[in-house]
Amino acid sequence: MTDITRRDFFKLTGVAAAGLFLSNIVEAASKPAAVQVPSTAMDFRSAKIDKNVIRIRNGAGDLMYLIEGKNKAALIDTGLGIGDLKGYVEKLTNKPLIVLITHGHVDHASGTAQFDEVYMNKKDDTLFREHTAMANRQGYTGATNPEWAKGLTSANYQPADDPSRFKYLKEGMNFDLGGVNLDIYDFPGHTQGMTAILFRENKSLLVGDAMNSFTFLWSGETLGLASYEKSVRHAKKATEGKFDKMYCSHGGGDLTIDYFDRMLEDIAIIKSGKDDAVDFEFMGQKSKIAFAVRPGDFARTDGGIGNIVYDPKRINE
């Protein structure tokens, strides 16, 4: 059985599994009042990856993206809601800002309370409420970067938010930032409301957690493997020929542009029963890792790129 620590697991999958750190859900009737949140030296770092695109990394290694047009800017995802993300972003752009949330997991959606105009797929509303509860956020932070977490107090966290105030993000929508268009595609699998975003003029596709080095199809909010395969095929067809760069929300952030094909090949191997099907247990939950990995860096032993963590009982679902 593969031995992966809690910290390693979160680094690889980029998600705190539903139910691992959940506490009572904090709900608000409207957008929470602004609060002054102290920052630490490790809250945010950033790098320019295209002429108008900045990749922001938080202290847990989760990635956010800021893209700027002539008239507006869009922040994609808000991380853990630790520190003053809005203040940090305002140092990078002075344009009016909209926020697009790729999905409702703790490491991508917990900082929305600072922002007025937020879009997210409504299918992730319940997930959002569960994952952005304070105890879940604190547990995730402690698991991914315990040294950073030691220096945090409750004062470092943004308040909980209410997704009922968000605007619906769904396939077919377009956001014109002023000569820079963002096209929205549904990409369910990792969550029911998972969203991919095409930076049209940049010819870049952000897939968030829909596909990455350890694509997570395991807990209750995910699709089964067969349904995920349909989702991959749909997104591949819908975006074909429209991008020459592909980004994700963990690790280094860059994927090879043939990642759709790589995922479909891996899914076919799993369905044929020819994958390694490595036993994997995490906090009492059992699943399979499709391809054997090396200890330490968890790279595939066969030299392949990407991996899938899946429930063997849901292959045909």
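Condition check ((1) buried (at least 19 other Cβ atoms within 10 Å of the Cβ); (2) at pLDDT 95 or above; (3) under 21 Å from Phe128 (Cβ atoms); (4) charged (D, E, K, R)) across all residues:
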{"site": "Leu206", "(1), (2), (3), (4)": "yes, yes, yes, no"}
{"site": "Asn212", "(1), (2), (3), (4)": "yes, no, yes, no"}
{"site": "Phe216", "(1), (2), (3), (4)": "yes, no, yes, no"}
{"site": "Gly220", "(1), (2), (3), (4)": "no, no, yes, no"}
{"site": "Ala226", "(1), (2), (3), (4)": "no, yes, no, no"}
{"site": "Glu240", "(1), (2), (3), (4)": "no, yes, no, yes"}
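Taking the residues in the range 144-179 that are of a type in the set (A, V, I, L, M, F, W, C) and not in a helix (DSSP H, G or I) as candidates, determine which candidate is nearest to Gly111 (Cα to Cα).
If we take residues in the range 144-179 being of a type in the set (A, V, I, L, M, F, W, C) and not in a helix (DSSP H, G or I), then Ala160 is nearest to Gly111 (Cα to Cα).
So which residues in the range 301-314 are crowded, with 18+ Cβ neighbours inside 10 Å and on the phi < 0 side of the Ramachandran plot?
Asn307, Ile308, Val309, Tyr310, Asp311
Condition (residue is out of contact with any Pro (no Cβ under 7 Å at 6 or more places or on another chain), assigned to a loop (DSSP other than H, G, I, E, B) and at negative phi) applied to the range 232-239: is it met by at least one residue?
Within the range 232-239, not a single residue is out of contact with any Pro (no Cβ under 7 Å at 6 or more places or on another chain), assigned to a loop (DSSP other than H, G, I, E, B) and at negative phi.
Say whether the condition of being part of a loop (DSSP other than H, G, I, E, B), more than 19 Å from Ile98 (Cα to Cα) and among the β-branched types (Val, Ile, Thr) is met by at least one residue in the range 180-200.
Within the range 180-200, one or more residues are part of a loop (DSSP other than H, G, I, E, B), more than 19 Å from Ile98 (Cα to Cα) and among the β-branched types (Val, Ile, Thr).
Does the range 201-231 hold any residues that are under 16 Å from the mean Cα position of the chain (by Cα) and part of a strand (DSSP E or B), and which are they?
Of everything in the range 201-231, those that are under 16 Å from the mean Cα position of the chain (by Cα) and part of a strand (DSSP E or B) turn out to be Leu205, Leu206, Thr215, Phe216, Leu217.
Here are Asp276, Asp254: which of them is modelled with pLDDT of 95 or more and under 26 Å from Asn58 (Cα atoms)? Don't jump to the end; show me each part of the working.
Numbers: Asp276 fails: under 26 Å from Asn58 (Cα atoms).
Checking each option against the conditions leaves just Asp254.
Can you report the number of residues in the range 289-300 which are over 15 Å from Met263 (Cα atoms), at pLDDT 90 or above and surrounded by 11 or more Cβ atoms within 10 Å (Cβ to Cβ)?
Here the count works out to 2.
Mind counting the residues in the range 95-117 that are of a type outside the set (D, E, K, R) and touching a residue at least 60 places away in the same chain (Cβ under 8 Å)?
11
Return only the number of the condition from (1) farther than 17 Å from Lys313 by Cβ; (2) among the small types (Gly, Ala, Ser); (3) over 21 Å from the mean Cα position of the chain (by Cα) that Ala235 does not satisfy.
(3)
Applying the selection to the range 231-255, what residues are over 20 Å from Asp183 (Cα atoms) and out of contact with any strand residue (DSSP E or B) (no Cβ under 7 Å at 6 or more places or on another chain)?
Gly251, Gly252
Residue-by-condition table, conditions (1) in contact with a helix residue (DSSP H, G or I) (Cβ under 6 Å, 6 or more places away or on another chain); (2) within 22 Å of Asp302 (Cβ to Cβ):
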residue	(1), (2)
Thr195	no, no
Met211	yes, yes
Thr215	no, yes
His234	no, no
Phe243	no, no
Ile267	yes, yes
Ala277	no, yes
Phe280	no, yes
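Among the candidates Ile82, Ile67, which residue alone is under 26 Å from Glu201 (Cα atoms), in contact (Cβ under 8 Å) with a residue 40 or more places away in the chain and either among the β-branched types (Val, Ile, Thr) or in contact with a helix residue (DSSP H, G or I) (Cβ under 8 Å, 6 or more places away or on another chain) (or both)?
Ile67
For a quick check of your reading of the model, give me the residue pairs whose first member lies in the range 166-179 and is hydroxyl-bearing (Ser, Thr, Tyr), whose second is in a loop (DSSP other than H, G, I, E, B), with beta-carbon atoms closer than 9 Å and at least 6 apart or on different chains.
That search, which allows pairs on different chains as well, returns Tyr168/Asn121.
Just to be sure, is Thr141 buried (at least 24 other Cβ atoms within 10 Å of the Cβ) and either at pLDDT 95 or above or part of a strand (DSSP E or B) (or both)?
no
The values are calculated or read from the model by the stated rules, or taken from the named source; none is laboratory data. Predicted model only: the values in this text are computed from it and were never measured. Backbone-built Cβ (ideal geometry, glycine too); neighbour counts: all protein chains shown.
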